[in-house]
1. Please list, by residue number, every one of the chymotrypsin sites (Phe, Trp or Tyr not before Pro) in the range 63-139 that is coil in DSSP and has at most 11 other beta-carbon atoms within 10 Å.
2. Which ³J(HN,Hα) values, rounded to whole Hz and listed in residue order, are derived for the range 54-69 from phi using the Karplus coefficients 6.51, -1.76 and 1.60 in 6.51 cos²θ - 1.76 cosθ + 1.60 with θ = phi - 60°, glycine and proline given as x?
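What follows draws every value from the coordinates through simple rules; no lab data is involved. Predicted model only: the values in this text are computed from it and were never measured. Note that we place each Cβ from the backbone using ideal geometry, even for glycine, and neighbour counts take in every protein chain shown.
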Amino acid sequence: MMKNENQSITLKRDQSISLPSALEERCLAIRYLDWNRVEKKLRKISQRVPRLHLVYSFLFGITASSGFSIITFLTQTETQLPVWGYPLYSLTFVFSLVTALVFVYVDQRIGLDKKSDIDEIIEDMEGIEKTFPPIQQRSQ
């Protein structure tokens with residue numbers, strides 16, 4: 001083991017990375033462009049649309065169609081439904097409405113949790129960037 005404090009590894013003839021001694025800490029060298037790419041991807045992920053919108057949109061569609069069917073059957077007296085028809089439409093309306101609202105709530109919770117996790121990672125990355133020497137920090 002070498003006793004030098006400032007050791008360097010040469011990647012190319014004109015590019016070198018200084019590493020602290022192994023006793024102080026372990027480091028992973030990453031190019032600044034790769035770091036920026038990862039950070040941009042994290043920011044892009046945090047802005048995505050929630051994932052369950054198709055499910056609750058479908059359920060709201062069922063709610064609307066069953067609700068309009070109930071209104072149509074109630075306003076047109078010549079339409080004859082079996083005895084179980086009105087309760088079935090009513091239960092379909094209530095069940096699909098409640099289920100859609102539950103999916104909206106769950107989707108929002110998942111989105112908030114995921115966004116807070118990503119924001120925390122971005123904050124950590126920004127904290128690490130502050131430790132970079134000023135020469136390596138470039139305008140974004």
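1. Working: sites: Phe68, Phe73, Trp84, Tyr89, Phe93, Phe95, Phe103, Tyr105; in loops: Trp84.
Sparse-neighbourhood loop chymotrypsin sites (Phe, Trp or Tyr not before Pro): Trp84.
2. Going residue by residue, I get 5, 5, 6, 5, 4, 5, 5, x, 5, 4, 5, 5, 6, x, 5, 5 Hz, with x marking Gly and Pro.
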